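The values are calculated or read from the model by the stated rules, or taken from the named source; none is laboratory data. Keep in mind it's a predicted model, so treat the numbers as computed, not measured. Glycine gets a Cβ as well: all are built from the backbone with ideal geometry, and neighbour counts include every protein chain shown.
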Amino acid sequence: MEIGNTDAVRLTDVSKVYGRRANQVVALEEVTTAFGRGTFTAIMGPSGSGKSTLLQCAAGLDQPTSGSVLLDGHEISTMDETELTMLRRERIGFVFQSFNLLPVLTVRQNVTLPLRLGGRKPARGRVSQVLEQVGLGQRSNHRPAELSGGQQQRVAIARALITDPAVIFADEPTGSLDTRSARDVLTLLSGSARSTGQTIVMVTHDPVAASYADRVLFLADGRLAGELHSPTAESVAERMTRLGAFADEDDLARAGAVRGGQR
């Protein structure tokens, strides 16, 4: 079964339930949504809203209890672990809050690791092209310890891009970065979607980070709670406040302070 050319990922009536009977926890409840090719979507919601579970189900890291997940024309909700591993290696890129770089490898070696694990070699000039794309063309022989946090995250993005995946899933990619490095990483992700047609799906708690996306998808209690197109940091913060994500005074103060941190 294939999806249309306009969607990189489509979820239909996806639910995820943990535990049994009296101890059941519903993390996702009948979620239907799609992520178009060449788009940058941020997923937001209060703590426990199901945003990370949604990303994991969409990326094949977790199997939904029910519903359908189609990624790049493949029904992944019925795949076994071997099939999922192959699909993730070839068609999905991942960027996490922790950079997950191997300290003994150079930048170039870290970037090419997904290809090497799959027994493949990069096309001639491809590694240099990707490193130039993320602004690390002169750092290919450095090791992670010789790089700043922002540079290490850019290595992780290059590693995600090297296989030309159908979609890149990013889970709090700027959570451990300073403001300037975070801005650089978000600009890179946004640029990848706009200039190369890369599909980006990012989970974040930060309204400023979400403002770099084309669309923000909101979750609450495991269900879709609306979306926002062409978001600003202020409009995202206001929507999150209504969802109860900024419930205490400190969080409300942070939401108000977003006005000074917009692009």
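From the list Asp171, Asp178, pick out the single residue that is within 28 Å of Leu70 (Cβ to Cβ), among the charged types (D, E, K, R) and surrounded by fewer than 23 Cβ atoms within 10 Å (Cβ to Cβ). Show your work before the answer.
Values: Asp178 fails: within 28 Å of Leu70 (Cβ to Cβ).
Among Asp171, Asp178, only Asp171 is within 28 Å of Leu70 (Cβ to Cβ), among the charged types (D, E, K, R) and surrounded by fewer than 23 Cβ atoms within 10 Å (Cβ to Cβ).
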**Q.** Pairs where the first residue, in the stretch 62-74, is within 15 Å of Arg37 (Cβ to Cβ) and the second is part of a strand (DSSP E or B) and not β-branched (Val, Ile, Thr), C-beta under 6 Å, 6+ apart
**A.** Leu70/Arg10
Q. (1) surrounded by fewer than 18 Cβ atoms within 10 Å (Cβ to Cβ); (2) modelled with pLDDT of 90 or more: which one isn't true of Lys51, the others all being true?
A. (1)
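Inside the stretch 18-48, can you point out the residues that are more than 25 Å from Ala213 (Cα to Cα) and either modelled with pLDDT of 95 or more or assigned to a loop (DSSP other than H, G, I, E, B) (or both)? Spell out how you get there, then give the answer.
Residues of the stretch 18-48 more than 25 Å from Ala213 (Cα to Cα): 18-26.
Result: Gly19, Arg20, Gln24.
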Q: Starting from the stretch 76-101, take each residue that is free of Cβ contacts under 8 Å to residues at least 60 places away in the same chain and list its partners that are part of a helix (DSSP H, G or I) and of a type in the set (Asp, Glu), counting only C-beta distances under 9 angstrom and pairs at least six apart or across chains.
A: Ile76/Glu83
Q. How many residues, within the stretch 1-31, are under 16 Å from Val167 (Cα atoms), surrounded by 15 or more Cβ atoms within 10 Å (Cβ to Cβ) and out of contact with any Ser or Thr (no Cβ under 6 Å at 6 or more places or on another chain)?
A. 4
Q) How many of the residues making up the stretch 56-84 are crowded, with 21+ Cβ neighbours inside 10 Å, part of a loop (DSSP other than H, G, I, E, B) and more than 15 Å from the chain's Cα centre (by Cα)? A) 1
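For the stretch 133-145, does any single residue satisfy the condition of being under 18 Å from Ala8 (Cβ atoms) and surrounded by fewer than 18 Cβ atoms within 10 Å (Cβ to Cβ)?
Narrowing the stretch 133-145 to residues under 18 Å from Ala8 (Cβ atoms): none.
Looking for residues that are under 18 Å from Ala8 (Cβ atoms) and surrounded by fewer than 18 Cβ atoms within 10 Å (Cβ to Cβ), one finds none in the stretch 133-145, hence no.
If I go through the stretch 140-154 residue by residue, how many of them are in contact with a Pro (Cβ under 8 Å, 6 or more places away or on another chain) and polar (S, T, N, Q)?
Of the stretch 140-154, the ones in contact with a Pro (Cβ under 8 Å, 6 or more places away or on another chain) are 143-145, 152-153.
Right, trim to polar (S, T, N, Q) and you get 152-153.
Residues meeting the conditions: 2.
Taking the criterion of being β-branched (Val, Ile, Thr), over 27 Å from Tyr212 (Cβ atoms) and not in a loop (DSSP other than H, G, I, E, B), would at least one residue in the stretch 88-95 satisfy it?
Looking through the stretch 88-95, none of the residues is β-branched (Val, Ile, Thr), over 27 Å from Tyr212 (Cβ atoms) and not in a loop (DSSP other than H, G, I, E, B).
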Q) Could you list, in sequence order, the residues of the stretch 102-118 that are part of a helix (DSSP H, G or I) and either free of Cβ contacts under 8 Å to residues at least 40 places away in the same chain or among the small types (Gly, Ala, Ser) (or both)? A) Arg108, Gln109, Arg116, Leu117
(Q) Considering only residues that are farther than 20 Å from Gly45 by Cβ, of a type outside the set (Ser, Thr, Tyr) and surrounded by 17 or more Cβ atoms within 10 Å (Cβ to Cβ), which ones fall in the stretch 190-204? (A) Ala193, Gln198
Q) Which residues, taken from the stretch 32-47, are surrounded by fewer than 20 Cβ atoms within 10 Å (Cβ to Cβ) and either within 13 Å of Lys16 (Cβ to Cβ) or of a type in the set (Ser, Thr, Tyr) (or both)? A) Thr32, Thr33, Ser47
Q. Arg159: over 24 Å from Arg215 (Cβ atoms), buried (at least 21 other Cβ atoms within 10 Å of the Cβ), of a type in the set (Lys, Arg) and at pLDDT 90 or above, yes or no?
A. yes
Q. Taking the stretch 17-52 as the region of interest, how many residues are without any contact (Cβ under 8 Å) to a residue 60 or more places away in the chain and either on the phi < 0 side of the Ramachandran plot or of a type in the set (S, T, N, Q) (or both)?
A. 8
